[in-house]
Amino acid sequence: MNIASYAVQANQSRGRQHEQISSDDRSPYQRDRDRVVHCSAFRKLQYKTQVFVTREGDFYRTRLTHSLEVAQIARSIARALGVDEDLTECLALAHDLGHPPFGHAGERGLNEALREFGGFDHNDQSFRVVTVLEQRYAAFDGLNLTWESLEGLAKHNGPLKAPPATIAAYDAQTPLDLRHYPSAEAQIAAFADDIAYNTHDLDDGLRAGLFEFADIQDLPVIGDLLREAQGLTSAVNRIRHELSRSVINTLVHDALTESTRRIAALAPATADDIRAANGPVIGFSDEIRTANARLKKFLFTRMYRHWRLNRMTYKAEHVTKTLGSLLLRRPELLPDDWRARAGRGETAQAANVVRDYVAGMTDRYALDEFSRLTDPAVPA
């Protein structure tokens, strides 16, 4: 594959914090991707909520299937634009490693419990997972990813003027150029995330019966694609799948067209030219951006605020808030290895340990731990 001049160049990587001798012919970003796939935080994503709690059905997306779908979309865009596919895939697979149980509902509960000590931010926690929490090497903590992977993970959503704690601490030691845009590869990974969750939440919402085809027929672009799918078959499941495929194809095609236009206008010679630009080089056209915003608004009102999901999110927030608050006050309730690190209750040290402990839980482990800590009938 011919790689563009504005792509991140594997042979010019700024390296890793801890020097490691390469033992094979993989590029540094292939190794980064493989380290993410093999880490324990990645495996846990199969039992962490995307929108629906994992026990509600086998067909709904989890954080793991979502991350795989993001990676597939991101690779396609990266290949078409001639940038590094391996770095793009690594960032797509790693972007949700720090999510707590129960998705954004769990994040809100944990954030509330730890508000006095900085709260909780899943992007910062993802960075913490790959730099501190994974312990797969004898000589150091973290996955020892390249500078380019860490930069992309830290600011894949754009420049950081007020970085959260873990990213700020790392940046103070190893500057990540936080005030500029990330590489095209990181921008693609973030954009693929947006495409994936909008499209697949639409699919899951239809599957769950939270809304019907008639409810989306007037949405711009989506309505036209729905009518095309309905013209091909009368089978509901096939219509839904045709719609999902067509929406992804439409969004990706538009992103490629608009991003190609932006890159041509900028005429970047290097990846640093992408970073120094006044705005992102990856994006939608005005028409599709408006349609995507309408879809987000629809999903917010008809899906994320549906009474069934309201009940689930209330319970999820209650579980993570209770776990965080209780363990912060009473760190002696933590398992031995965690308790030793926590020290006294209601301190910044205890908050850091509780944050890592709760955020690392799967949905079902969080529910089990909640029962063990709050229900006298459940053994400790």
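The values are calculated or read from the model by the stated rules, or taken from the named source; none is laboratory data. All values derive from a computational prediction rather than experimental measurement. Every residue, glycine among them, receives a Cβ derived from its backbone with ideal geometry; neighbour counts consider all protein chains shown.
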_Residues of region 3-27 satisfying the condition of being surrounded by 11 or more Cβ atoms within 10 Å (Cβ to Cβ) and either among the hydrophobic types (A, V, I, L, M, F, W, C) or closer than 17 Å to Arg136 by Cβ (or both)_ = Ile3, Ala4, Ala7, Val8, Ala10, Arg16, Gln17, His18, Gln20, Arg26
*Within region 261-292, how many residues are farther than 24 Å from Arg179 by Cα and of a type outside the set (D, E, K, R)?*
5
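From the list Leu225, Leu219, Leu178, which one is touching a Ser or Thr at 6+ places or on another chain (Cβ under 6 Å) and modelled with pLDDT of 95 or more? Outline the logic, then answer.
On the way: Leu219 fails: touching a Ser or Thr at 6+ places or on another chain (Cβ under 6 Å); Leu178 fails: touching a Ser or Thr at 6+ places or on another chain (Cβ under 6 Å).
Step by step, each of Leu225, Leu219, Leu178 is checked, and only Leu225 is touching a Ser or Thr at 6+ places or on another chain (Cβ under 6 Å) and modelled with pLDDT of 95 or more.
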*State all residues of region 101-120 that are within 19 Å of the chain's Cα centre (by Cα) and buried (at least 20 other Cβ atoms within 10 Å of the Cβ); if no residue qualifies, say none.*
Pro101, Phe102, Gly103, Ala105, Gly106, Glu107, Gly109, Leu110, Asn111, Phe120
_Residue pairs meeting the criteria (Cβ under 6 Å; at least 6 apart or on separate chains; first farther than 21 Å from Ala41 by Cβ, in region 362-380; second in a helix (DSSP H, G or I) and polar (S, T, N, Q))_ = Val378/Ser371
*asked:* So in region 328-356, with the set limited to residues that are surrounded by fewer than 17 Cβ atoms within 10 Å (Cβ to Cβ) and under 15 Å from Leu110 (Cα atoms), which one is modelled with the lowest pLDDT?
replied: Glu346
*Would you point out the residue of region 1-25, among those that are assigned to a loop (DSSP other than H, G, I, E, B) and touching a Phe, Trp or Tyr at 6+ places or on another chain (Cβ under 9 Å), that is modelled with the lowest pLDDT?*
Gln20
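Would you list the helices (runs of 4 or more DSSP H) that sit entirely within region 222-313 and hold 2 or more residues that are of a type in the set (A, V, I, L, M) and surrounded by fewer than 18 Cβ atoms within 10 Å (Cβ to Cβ)? Reasoning before the result, please.
Working: elements: 222-230, 236-266, 271-275, 286-299.
Those helices (runs of 4 or more DSSP H) span 236-266.
Return the only residue of Leu210, Leu178 being assigned to a loop (DSSP other than H, G, I, E, B), free of Cβ contacts under 8 Å to residues at least 60 places away in the same chain and surrounded by 15 or more Cβ atoms within 10 Å (Cβ to Cβ).
Numbers: Leu210 fails: free of Cβ contacts under 8 Å to residues at least 60 places away in the same chain.
Only one candidate qualifies: Leu178.
Evaluate the following for Leu110: is it in contact (Cβ under 8 Å) with a residue 24 or more places away in the chain, out of contact with any Pro (no Cβ under 8 Å at 6 or more places or on another chain) and at negative phi? Break it down into steps so the answer makes sense when it comes.
Details: in contact (Cβ under 8 Å) with a residue 24 or more places away in the chain: yes; out of contact with any Pro (no Cβ under 8 Å at 6 or more places or on another chain): no; at negative phi: yes.
It is false that Leu110 is in contact (Cβ under 8 Å) with a residue 24 or more places away in the chain, out of contact with any Pro (no Cβ under 8 Å at 6 or more places or on another chain) and at negative phi.
From the list Asp273, Asp194, exactly one residue is within 25 Å of Asp84 (Cβ to Cβ) and touching a Leu at 6+ places or on another chain (Cβ under 8 Å). Which is it? Spell out how you get there, then give the answer.
On the way: Asp194 fails: touching a Leu at 6+ places or on another chain (Cβ under 8 Å).
Of Asp273, Asp194, the one residue that is within 25 Å of Asp84 (Cβ to Cβ) and touching a Leu at 6+ places or on another chain (Cβ under 8 Å) is Asp273.
One line per residue, one yes/no per condition, for (1) more than 29 Å from Ala189 (Cα to Cα); (2) hydrophobic (A, V, I, L, M, F, W, C); (3) in contact with an Asp or Glu (Cβ under 9 Å, 6 or more places away or on another chain):
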site	(1), (2), (3)
Thr260	no, no, no
Phe298	no, yes, yes
Trp307	yes, yes, no
Asn310	yes, no, no
Thr322	yes, no, no
Leu326	yes, yes, no
*Filter region 329-364 for residues that are hydrophobic (A, V, I, L, M, F, W, C) and not in a helix (DSSP H, G or I) and give the result.*
Leu334, Met361
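Working only within region 160-190, note down all residues that are more than 19 Å from the chain's Cα centre (by Cα) and among the aromatic types (Phe, Trp, Tyr). Let's see the steps before the verdict.
The first filter runs over region 160-190 and keeps only residues more than 19 Å from the chain's Cα centre (by Cα), leaving 161-162, 168-177, 179-180.
If the condition is that a residue be more than 19 Å from the chain's Cα centre (by Cα) and among the aromatic types (Phe, Trp, Tyr), then Tyr170 is the only one that fits.
Collect the residues in region 274-290 that are touching a residue at least 60 places away in the same chain (Cβ under 8 Å) and either touching a helix residue (DSSP H, G or I) at 6+ places or on another chain (Cβ under 7 Å) or of a type in the set (Phe, Trp, Tyr) (or both), keeping them in residue-number order.
Of region 274-290, the ones touching a residue at least 60 places away in the same chain (Cβ under 8 Å) are 274-277, 279-283, 287-288, 290.
Ile274, Ala277, Pro280, Val281, Ile282, Gly283, Ile288 - these are the residues of region 274-290 that are touching a residue at least 60 places away in the same chain (Cβ under 8 Å) and either touching a helix residue (DSSP H, G or I) at 6+ places or on another chain (Cβ under 7 Å) or of a type in the set (Phe, Trp, Tyr) (or both).
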*Scan region 83-100 for residues that are farther than 19 Å from Ala196 by Cβ and under 13 Å from the mean Cα position of the chain (by Cα) and report the count.*
1
*Within region 294-313, can one find any residue that is under 15 Å from Gly109 (Cβ atoms), in contact (Cβ under 8 Å) with a residue 24 or more places away in the chain and touching a Leu at 6+ places or on another chain (Cβ under 7 Å)?*
no
_One residue from Val378, Val358, Val353 being within 30 Å of Ala192 (Cβ to Cβ), out of contact with any Asp or Glu (no Cβ under 7 Å at 6 or more places or on another chain) and not small (Gly, Ala, Ser)_ = Val358
